[in-house]
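Below is one structure, written out as structure tokens; comments come after it.
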């Protein structure tokens, strides 16, 4: 991680008034108490932080990923499995000093990284916390675990601060993105964001089996091929690299408001997941992970495939 200066932090905070941290550009004055489209204000909110052993193996290792779950989200997914945090805003306001201490506590617990979950609404505050933690000895990699709807201008400011980008690539169809995540132009935005992330960190690099830097992409398979899996994987292979690590995720289930949409009000089938894996392989993207499903329409079990 490069040394974080106060000048850089000031540039991040400037993005809060009017707010243009993410591509929504909602334009509210968060510095003076207004809430963004995401629901976030000025004081950072954290839902929880802990050693997490359910992430991808290169992040978890033996001692876990140091996960910090932030409240609020710039996407409004109707099927969000963490909707209490992302949509309802559950969490506690914490000071920047407290946020920095969370990071140091996780490092002291042996975690291999600091895993920032849904960081997008809170980038200025996170960078401020990282500066404090950095000055007190934080040295493990920082993971930016996001929904993929990121402003390239913000990502450019993060260059050298983030070691591992872990975005979702949710949809290749803007109509689906608007219907299920209430956001416009997702496909064009996520493609630009992924290119910038890849430019900054490249392919995933391991040190003794643990992720040190690079890009890892998640793709959640949706019922009825609504995620546009083929176009997502085609873009990755043709515009980034066939060495990109892709986690093809099987754990979709209808939660939150998914019951209002009949076409996604069910779990995925085994054939739908196998079709996604076949597409992945057809584009030569075989460096990532696959999951298994124990019984159709039942719980999707995150049993990870072997690391390639």
- Kindly work out what percent of the DSSP beta bridges joining two residues of the chain are antiparallel, to the nearest 5. 40 percent
- Query: What are the extents of the Cα atoms of region 66-219 along their three principal axes, listed from largest to smallest and rounded to whole Å?
  - Reply: 46, 35, 27
- Assuming R0 = 35 Å, can you tell me the calculated FRET efficiency for the pair residue 185 and residue 271, based on Cβ-Cβ distance, to the nearest 0.05? 0.65
- Message: At 20 °C and a viscosity of 1.002 mPa s, what translational diffusion coefficient does Stokes-Einstein give for region 14-127, taking Rh as the Kirkwood radius over Cα pairs? Give it in µm²/s as a whole number.
- Response: 146 µm²/s
- Query: In percent, what relative contact order does region 1-120 have, based on Cα pairs under 8 Å that are 6 or more apart in sequence?
  - Reply: 24 percent
- Over the chain, the sum of -39500 (n - 2.57) across DSSP H runs of at least four, divided by residue number and rounded to 500 deg cm²/dmol, gives at 222 nm -9500 deg cm²/dmol
- Query: In which sequence would 201, 44 go, from the one with the fewest C-beta neighbours within 10 Å to the one with the most?
  - Reply: 201, 44
- Query: In angstroms, what radius of gyration and Dmax does the chain have, counting Cα atoms only?
  - Reply: 18.4, 54
- In percent, how large is the relative contact order of the chain, given Cα pairs closer than 8 Å and 6 or more residues apart? 15 percent
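Pulled fully out, how much extra length does the chain show between residue 31 and residue 261, if you take 0.36 nm times their separation in residues and subtract their Cα-Cα distance? Each step should come with its number before you reach the end.
Details: separation 230, 0.36 × 230 = 82.80 nm, distance 3.70 nm.
Working it through step by step, the gained length comes to 79.1 nm.
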- Which whole-angstrom value gives the distance between the alpha carbon centres of region 175-220 and region 5-65? 17 Å
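Under the definition of Cα pairs under 8 Å and six or more residues apart, what whole-number percent is the relative contact order of region 198-242?
On the way: 31 pairs, mean separation 12.0, N = 45.
Computed over region 198-242, the figure is 27 percent.
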- Item | Overall form of region 178-266 per C-alpha gyration tensor (a/c, 1.5; a/b vs b/c) | prolate
- Message: Under 10 Å, Cα contacts only: if you run a Gaussian network model on the chain, which one of 141, 119, 18 comes out with the highest mean-square fluctuation?
- Response: 18
- How many angstrom separate the Cα center of region 239-264 from the Cα center of region 102-158? 24 Å
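Only the coordinates and a few stated rules stand behind these numbers; no lab work does. Predicted model only: the values in this text are computed from it and were never measured. Every residue, glycine as well, gets a Cβ built from its backbone with ideal geometry; the counts of neighbours run over all protein chains shown.
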